[in-house]
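Just so it is clear, none of the values below were taken in a lab; they were calculated from the coordinates. None of these values were measured; they are calculated from a predicted model. Neighbour counts are summed over all protein chains in view; Cβ atoms, including those assigned to glycine, are modelled from backbone coordinates with ideal geometry.
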Amino acid sequence: MAELKGNSQTRAKNKYAKKAYDDLRIQVKKGGKAIIKQYTDKKGKSINGLVNELLEGKIPELKALNNKSNNYKQ
């Protein structure tokens, strides 16, 4: 039997995230992450939020997908 890691709440969140979200990994030049983090801190955003906002601005289908999933949360 596989060893369970984390408490039940963490496992539940991870299970939901795996089902509801896709993961992307990006690479930036050394020092780039710190520059991005400074920018997002000034704007009161997360790095993930900034990346999603920028992508949604360029790819309309992503914005529509996000709007569709927000309708289910209500």
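Angle of helix 60-73 to the longest C-alpha principal axis of the chain, folded into 0 to 90 degrees and rounded to 10: 40°. Peptides 16-25, 29-38, ordered by how many other C-beta atoms sit within 10 Å of their residues on average, highest first, read 29-38, 16-25.
Projected label points at Lys29 and Val51, each 7 Å from Cα along the beta carbon direction, are separated by 2.0 nanometres. For the chain, the dipole from Cβ point charges (+1 on Lys and Arg, -1 on Asp and Glu) about the Cα centre works out to 200 debye, to the nearest 20. For the chain, the longest principal axis of the Cα atoms and the long axis of helix 47-58 meet at an angle of about 60 degrees.
In the structure shown, the pairs Lys30/Lys68; Lys29/Lys68; Lys18/Lys45; Lys43/Lys63 are assessed against 30 Å; a Cα-Cα span above that value is assigned to Lys30/Lys68; Lys29/Lys68. Counting only alpha carbon atoms, the long axis of helix 8-20 and the longest principal axis of the chain meet at about 60°. Pairs of Cα atoms in the chain fall into 10 Å distance bins, from 0 up to the last occupied one, in shares of 14, 33, 34, 17, 2 percent.
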